[in-house]
Structures are given as structure tokens and as C-alpha cells.
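J.: This structure is in C-alpha cells; I'll ask about it shortly.
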Amino acid sequence: MIQQKNTEARPYEPAKTPVFRRLTAGSIKRRKGTHLFPVVTAYDAPFARFAEEAGIDVILVGDSVGNVMLGYDETTPVTMEQMIHHAQAVSRGTSRAHVIVDMPFGSYQVSDEVALTNAIRLVKDGGACSVKVEGGVHEADRVRAIARAGIPVVGHIGITPQTAGLGPGYKMRTHRDRLVADARAIEAAGAYAIVLEVVDAGITREITEMLSIPTIGIGSGPHCDAQVLVLHDVLGIYAHSPSFAKRYAEFGSQAIDALQKYAQDVRESKFPSGA
Ligand code: KIV
């Protein structure tokens, strides 16, 4: 006897695995004026996961990777390949956080086309949710070109470390009119947030009140919508933390301590046990 196939259609059942959606640039923008929020840098999967588990949902893959991970004195030598490599790791280590990735020096200054091509690489190859560009009035066209292509952009004014060592230095920025013009230009170009690095606290307050996008401060006082710190400063791993950074742990000395104990155990035949 021929068996009849059961042709009755079964209702579609969606996959049981949870689908995590990352925080969007739009929701970060809408935080303006609602609540203060923390941002931290991360450069690899485990520490990005720690940040996410600690409830920090905006993570910056900063080109400070050059200083704190790669041993350079400046961020200037950092390449696109290095940023993509670290961005991929942070992206793999997180599932919900919004991952901002820095555009390194030389990846956007030349032309709108170069800037957009590299921003697209950071999104497609690096897994960036948005990108960050250093500079004010002079980089506004680049911000506009990237934002118009649908890639959310964060601006960065005040001390801009990629070029600070080439001339302007690392002193607090106090030139009110220039800073206000830079902030306005970056907002008008379509950035959804802006980093203010080592800007006078009074000027920072004025800019935060003036803009409709969140300001993310670093060394710029309390009047910002968010604060960002470099992970290695927070954890006490980097030897040269700036004075404004707060070290919440001393992982560097703990690491040396642990390694000394391990080395001693090996030398004294205490590890592995039973030796
Ligand atoms: O590269 C970085 O870590 C940064 C922060 C200091 C804002 O740009």
C-alpha cells in the first residue's frame, strides 16, 4: 500500500536561539538629556565582554590601541588593518553593545572618497556599528560624506591625539570660539555624538547645552552627557595614565605579582605539583 505523505503545512516556528540586537546610534543620540552614560575603550574579545557584562553598552575601539596595546608613543602610526583586527575581536566578544571604531590617522583626511571607503571597511570587515573621526570644521565634509552613506559617525574635538604630537600639543583646549565652531560644524555635518577631549569645563558645559547630540567627555569635566575612559587607565594597566583618569584597579601590579609567584614556583619545583 502506498503511504500518503502528510502534506499538511506546519506553522512556521522561529529559531529558538535568542537574537541579540545591538544598541543603535539612534538610541544613543536619544539619551541626550535623559541620563548620563559610561563609555569605555576595548581592544580584544575578553575585555570587551567584561565591559558588556559590567553594563557598559557603548564601547570604543580607540586608536589608543597604539599606545596601550601596541607600544607606540602616539596614535599616529596605527593602521586600518590594526583597527580592523581589534574591532573584529571586540565585535566577537560582545553581542549587545554598540561598538564605535576609530578611523586611524590617514584613513580619512585625503578625500571624502577615501574616508567613505575606509569607513565602509570598518563596518563590513571590522563589525563597527559606527565610526569616529577626529577634527572640527576642517573634517566636517568627511563626517558628512560618511553619515550620508548611512554610517553613523561620532566627532572628536579638543585634543585630537592623532595630530597633537605634530604641533598643537596636549594642553587643555580653551579657545572658546574655535571649539564652539568645531562642535557646531560636526553636529551640522550629521554626527550623532561628539567626544570632547581635554576641553575647558566651562566651554564643555556651553557646548553640551548648545548641541542636540550627546557630548562624550574625557578630561573635560562633569558637564557632558557621557564620559569615556581608556580601559587600561580604568584598570591600572597603563603606566602613563593622564592626571584626569581615575584608576579603579591596579591590574598592572597584580599581573607582575602573579607572574613573580609563578616564576618562583617553577624555579623552586613547586609547580607543577608532584615535581
Ligand atoms: O582612542 C581613544 O581611546 C579615544 C578616546 C581617548 C576618546 O579616542
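J.: Show me the helices (runs of 4 or more DSSP H) found entirely inside region 17-70 where at least 2 residues are away from the ligand (no atom under 14 Å from the Cβ). Steps first, please.
T.: Details: elements: 25-29, 45-53, 65-68.
It comes to 25-29, 45-53.
J.: Going by the conditions given, is Ser130 modelled with pLDDT of 95 or more, away from the ligand (no atom under 15 Å from the Cβ) and not β-branched (Val, Ile, Thr)?
T.: no
J.: Of the conditions (1) in a helix (DSSP H, G or I); (2) away from the ligand (no atom under 16 Å from the Cβ); (3) among the small types (Gly, Ala, Ser), Ala183 fails just one. Which one is it?
T.: Of everything listed in (1) in a helix (DSSP H, G or I); (2) away from the ligand (no atom under 16 Å from the Cβ); (3) among the small types (Gly, Ala, Ser), Ala183 misses just condition (2).
J.: Separate question: Note down all Cβ pairs under 6 Å where the first residue falls in region 195-224 and is under 12 Å from Asp182 (Cβ atoms), the second is open to solvent by 50 Å² or more (accessible area, probe 1.4 Å) and more than 13 Å from the ligand (Cβ to nearest atom), and they're at least six residues apart or on different chains.
T.: Ile203/Arg176
J.: Looking at region 259-275, which of the residues that are hydroxyl-bearing (Ser, Thr, Tyr) and modelled with pLDDT of 95 or more is least open to solvent (accessible area, probe 1.4 Å)?
T.: Restricting to residues being hydroxyl-bearing (Ser, Thr, Tyr) and modelled with pLDDT of 95 or more, the top hit is Ser269.
J.: So which strands (runs of 3 or more DSSP E) are wholly in region 187-258 and hold at least 3 residues that are under 25 Å from Ile146 (Cα atoms) and open to solvent by less than 30 Å² (accessible area, probe 1.4 Å)? It would help to see each step written out before you state the result.
T.: Values: elements: 193-197, 215-218, 226-229.
Of the strands (runs of 3 or more DSSP E) lying wholly inside region 187-258, those with at least 3 residues that are under 25 Å from Ile146 (Cα atoms) and open to solvent by less than 30 Å² (accessible area, probe 1.4 Å) span 193-197, 215-218.
J.: Condition first: in a helix (DSSP H, G or I), within 16 Å of the ligand (Cβ to nearest atom) and either open to solvent by less than 10 Å² (accessible area, probe 1.4 Å) or at pLDDT below 95 (or both). Now tell me which residues in region 144-178 satisfy that. Give the derivation first.
T.: Narrowing region 144-178 to residues in a helix (DSSP H, G or I): 144-148, 161-164, 176-178.
So of that shortlist, the ones also within 16 Å of the ligand (Cβ to nearest atom) come out as 161-164.
Listed by number, the residues that qualify are Gln162, Ala164.
J.: So, one more: For region 71-91, which positions are touching a residue at least 24 places away in the same chain (Cβ under 8 Å), assigned to a helix (DSSP H, G or I) and within 14 Å of the ligand (Cβ to nearest atom)?
T.: If the condition is that a residue be touching a residue at least 24 places away in the same chain (Cβ under 8 Å), assigned to a helix (DSSP H, G or I) and within 14 Å of the ligand (Cβ to nearest atom), then Met83, His86, Ala87, Val90 are the ones that fit.
J.: How many of the residues in region 49-74 are of a type outside the set (Phe, Trp, Tyr) and farther than 16 Å from Ser241 by Cα? Talk me through it step by step, then tell me what you get.
T.: Step one: list which residues in region 49-74 are of a type outside the set (Phe, Trp, Tyr), which gives 49, 51-71, 73-74.
Cutting the leftovers down to farther than 16 Å from Ser241 by Cα gives us 49, 51-61.
Selection size over region 49-74: 12.
J.: Taking the condition touching a Gly at 6+ places or on another chain (Cβ under 9 Å) and either more than 13 Å from the ligand (Cβ to nearest atom) or assigned to a helix (DSSP H, G or I) (or both), does Asp141 pass?
T.: Taking the combined requirement at face value, the residue does not satisfy it.
J.: Could you check region 108-138 and list, in sequence order, the residues that are over 16 Å from the mean Cα position of the chain (by Cα) and surrounded by 24 or more Cβ atoms within 10 Å (Cβ to Cβ)?
T.: Tyr108, Ala115
J.: Also, I was wondering about something else. For Arg96, state whether it is among the basic types (Lys, Arg), under 21 Å from Lys29 (Cβ atoms) and either over 13 Å from the mean Cα position of the chain (by Cα) or within 15 Å of the ligand (Cβ to nearest atom) (or both).
T.: Considered against the rule, which asks whether it is among the basic types (Lys, Arg), under 21 Å from Lys29 (Cβ atoms) and either over 13 Å from the mean Cα position of the chain (by Cα) or within 15 Å of the ligand (Cβ to nearest atom) (or both), Arg96 comes out as yes.
The values are calculated or read from the model by the stated rules, or taken from the named source; none is laboratory data. Remember, predicted model here, so these are calculated numbers, not experimental data. We place every Cβ from the backbone using ideal geometry, glycine too, and count neighbours over all the protein chains shown. Quick note on the areas: whole protein, heavy atoms, side chains included, nothing else; ligands and nucleic acids left out. Shrake-Rupley method; radii C 1.70, N 1.55, O 1.52, S 1.80 Å.
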